[in-house]
Amino acid sequence: EDTEAYERGHIRNALGVNWKSDLQDPLRRDFISGPDFEKLLDRSGVTKDTTVVLYGGNNNWFASYAYWYFRYYGHDNTKLLDGGRKKWELEGRELTKDPAKVVPTSGYKVA
């Protein structure tokens, strides 16, 4: 998947999550640890009450990969955008390069 697609344009208020650098342990090429996932969600402003909607290119391949991280670590309120980025673009929907306004949180705990 093109990990730079976010910088070229994304859905308003979406945060970019890079499957290689954010979701992979850099030494073991394995899931990041629970504490590292907690840090990712804290710096992304995600709380247990946040609905997370994931999308991407390539028929949502890596969005689906990220989906299982969220579910694995107990964030049940996680969805996949039907049709992903491709459908969004084909429907002529807006993309922006404006960064999302993130208010970091603290204390996210995996299940």
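A few points about this structure:
- Pairs of Cα atoms nearer than 8 Å and 6+ residues apart set the relative contact order; for the chain it is 40 percent.
- Eligible aspartates and glutamates near K48 by straight Cα distance, threshold 20 Å, same-chain separation 8 or greater: D22, D36, E38, D76
- Tilt relative to the chain, helix 34-43 - C-alpha long axis, 0 to 90 degrees, to 10: 50 degrees
- Qualifying lysines (Cα of each under 19 Å from Cα of K87; at least 8 residues distant if same chain): K79, K97
- Option label - log10 I(q)/I(0) by the Debye sum over Cα atoms at q = 0.15, 0.18 Å⁻¹ computed here, alternatives (1) -0.64, -0.94; (2) -0.72, -0.87; (3) -0.80, -0.94: (1)
- Length released on extending from T50 to N18, taking residue separation times 0.36 nm less the Cα-Cα span: 9.6 nm
All of the numbers you see were taken from the coordinates with simple rules; none came from a lab. Predicted, not measured: the structure shown is a model, and the values here were computed from it.
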